[in-house]
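Chemist: Dumping the structure here so I can ask a few things about it.
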Amino acid sequence: MALAAPMAGAAQSGVNVELDNRPALTLSAAKQIAEAAEAEAVRNGWRVAIAIVDDAGRLLYFQRMDDIANASVDVAMAKARHAVNYRRDTRFHQDLLEKGNHVVLALPDAMPLEGGLQLSAGGRLVGGIGVSGVQSSQDGEIAKAGADLLAK
């Protein structure tokens, strides 16, 4: 199969393709975020699952503390994906649901429970963190401890 030749004169026409430079979440950063979140969980005596996803919602790092419910694994990953895919912390949709906006339940792959936060660097979304294993407000505290690492 032959590759298409570049358009004649494209380089000479002054066409300039501008690519976006943006920060990307690395495995090393994801581990540090998870460690900060885990430290908050340990400080409070809570056992949780912690998921870190990239800006496409794909799992980058996961850790599960001992003796947690099996479902917490899937819930943590869903919370992290929700934060990225909807570009909103999961608490936003939980609040809507609590106010009677049941349409939230129809959102595809939504997890409207607190504990999923967007991860941002340089004002750009780079990923999400999801935590599950204790009360959703406590999951949110743990996730915030991880997310705050990027704010420093």
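The values are calculated or read from the model by the stated rules, or taken from the named source; none is laboratory data. The model shown is predicted, which means the values in this text are computed figures rather than measured ones. Every residue, glycine as well, gets a Cβ built from its backbone with ideal geometry; the counts of neighbours run over all protein chains shown. Surface areas here come from the heavy atoms of the whole protein model, side chains and all, with no ligands, DNA or RNA. Shrake-Rupley method; radii C 1.70, N 1.55, O 1.52, S 1.80 Å.
Chemist: Which number in (1) without any contact (Cβ under 8 Å) to a residue 60 or more places away in the chain; (2) among the polar types (S, T, N, Q); (3) under 12 Å from LYS79 (Cβ atoms) marks the one condition that SER132 misses?
Modeler: Looking at each condition in turn, SER132 falls short on (1).
Each row is one residue, and each column tells you yes or no for (1) at pLDDT 95 or above; (2) in contact with a helix residue (DSSP H, G or I) (Cβ under 6 Å, 6 or more places away or on another chain); (3) farther than 22 Å from ALA147 by Cα.
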| site | (1), (2), (3) |
| --- | --- |
| ASN70 | yes, no, yes |
| VAL84 | yes, no, no |
| ASN101 | yes, no, yes |
| LEU113 | yes, yes, no |
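Chemist: Then there is this: Taking region 124-152 as the search range and keeping residues that are open to solvent by 10 Å² or more (accessible area, probe 1.4 Å) and closer than 14 Å to VAL84 by Cα, which one is farthest from the chain's Cα centre (by Cα)?
Modeler: Filtering region 124-152 for residues that are open to solvent by 10 Å² or more (accessible area, probe 1.4 Å) and closer than 14 Å to VAL84 by Cα, the one farthest from the chain's Cα centre (by Cα) comes out as ARG124.
Chemist: So which strands (runs of 3 or more DSSP E) stay within region 33-152 end to end and still have 3 or more residues that are of a type in the set (A, V, I, L, M) and under 30 Å from ASP20 (Cα atoms)? Quick ask: steps written out before the conclusion?
Modeler: Numbers: elements: 49-54, 59-64, 116-121, 124-132.
Filter on region 33-152 gives 49-54, 116-121, 124-132.
Chemist: If ALA24 passes every condition in (1) in a loop (DSSP other than H, G, I, E, B); (2) open to solvent by 90 Å² or more (accessible area, probe 1.4 Å) but one, which one does it miss?
Modeler: (2)
Chemist: Checking the structure you have, find out if any residue of region 104-116 is in contact with a Phe, Trp or Tyr (Cβ under 8 Å, 6 or more places away or on another chain), aliphatic (A, V, I, L, M), buried (at least 16 other Cβ atoms within 10 Å of the Cβ) and farther than 15 Å from VAL48 by Cα.
Modeler: Taking every residue of region 104-116 in turn, at least one turns out to be in contact with a Phe, Trp or Tyr (Cβ under 8 Å, 6 or more places away or on another chain), aliphatic (A, V, I, L, M), buried (at least 16 other Cβ atoms within 10 Å of the Cβ) and farther than 15 Å from VAL48 by Cα.
Chemist: Continuing with this model, one more query. Report yes if some residue within region 39-61 is crowded, with 19+ Cβ neighbours inside 10 Å, within 14 Å of the chain's Cα centre (by Cα) and over 17 Å from GLY146 (Cβ atoms); otherwise report no.
Modeler: The answer is no, given that none of the residues of region 39-61 is crowded, with 19+ Cβ neighbours inside 10 Å, within 14 Å of the chain's Cα centre (by Cα) and over 17 Å from GLY146 (Cβ atoms).
Chemist: Next up: Would you check which residues across region 84-103 are open to solvent by less than 50 Å² (accessible area, probe 1.4 Å) and closer than 15 Å to ALA56 by Cβ and list them?
Modeler: Across region 84-103, the qualifying residue is only VAL84.
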